[in-house]
1. Please go through segment 163-200 and pick out each residue that is of a type in the set (S, T, N, Q), open to solvent by less than 50 Å² (accessible area, probe 1.4 Å) and under 14 Å from the mean Cα position of the chain (by Cα).
2. Tell me which residues, restricted to segment 72-120, are more than 21 Å from the chain's Cα centre (by Cα) and over 24 Å from G186 (Cα atoms).
3. Name every residue in segment 18-50 that is open to solvent by less than 80 Å² (accessible area, probe 1.4 Å) and more than 23 Å from R162 (Cα to Cα), in order of residue number.
4. Output the residues belonging to segment 1-57 that are hydrophobic (A, V, I, L, M, F, W, C) and more than 21 Å from the chain's Cα centre (by Cα).
Amino acid sequence: TYSQELIDYKPVGWNPGDPYSQQERYRVDGPINTGNDCLSNLQQLVDACDSWLQYSELTGKWKVVINQSYTDYTTFNDLFLLDSNNIVGGIDVNPLDLNSTYNSVEVQYPNTNIKDQTDFRVINLIDYVPEVMSPNEPVNRLTIQYPQVNNYIQAIYLGERRMLQTREDLVITCQLDYSGIQIEAGDVIRVTLAEYGWANKLFRVTQVQEAKIEDGIICIT
């Protein structure tokens, strides 16, 4: 359902005042290599739909997590609240190194307009949101292959989102009491910690692990 929603884009030759064109957000249009292992092929398929593969500790099964706004499936007040009441121990706050973020992306995909030969599109951050770049920031390009995407609109859409998400510059790691078992990778949560000046600051969970600490209490990292 989410993939079939129509997105607007500017077609070639578009001028201000012209209507936008539309197409479905995601389509999987390409073969997979059955010589690859299953997990590699699944990863390619979810990459074509800007999603994640996730193993759920709750169900003991794998599933697909869609990279979408939390407003598509819940409300702000229903997001899990992480604060001093459920944190066990300290919290590690790590800004990302500038060398680990990208300001340019090259997407490679089989273009249906040239009989599925490999085509290339380069997306530069400075052309979209130059205000988020640091002064004198060196070019750092990420190359991404989308073998199951055969049109340039979807390829650029995916590349833009990947590049912008690498600009998220803050990672936190902490242990929660057992109430955190309801959190799954991909969830958006609220974090309120007066020590850092955060009041309902939004974070997306990238990894959840269940562990037993020294006194035998089970906690969630």
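The values are calculated or read from the model by the stated rules, or taken from the named source; none is laboratory data. Quick caveat, the model's predicted, so the values are computed rather than measured. The protein model used for the area step is the full one, side chains on, heavy atoms only, and it has no ligands, DNA or RNA in it. Shrake-Rupley method; radii C 1.70, N 1.55, O 1.52, S 1.80 Å.
1. Hit for segment 163-200 is T166, nothing else.
2. Passing the criteria: P110, N111, T112, N113, I114, K115, D116, Q117, T118, D119, F120.
3. Within segment 18-50, the first condition is being open to solvent by less than 80 Å² (accessible area, probe 1.4 Å), and the residues that meet it are 18, 21, 23-26, 28-30, 32, 35-36, 40-50.
Once the filter is applied, which keeps residues that are open to solvent by less than 80 Å² (accessible area, probe 1.4 Å) and more than 23 Å from R162 (Cα to Cα), segment 18-50 yields D18, G35, N36.
4. Applying the first criterion (hydrophobic (A, V, I, L, M, F, W, C)) to segment 1-57 yields 6-7, 12, 14, 28, 32, 38-39, 42, 45-46, 48-49, 52-53.
V12, W14, I32, C38, listed by residue number.
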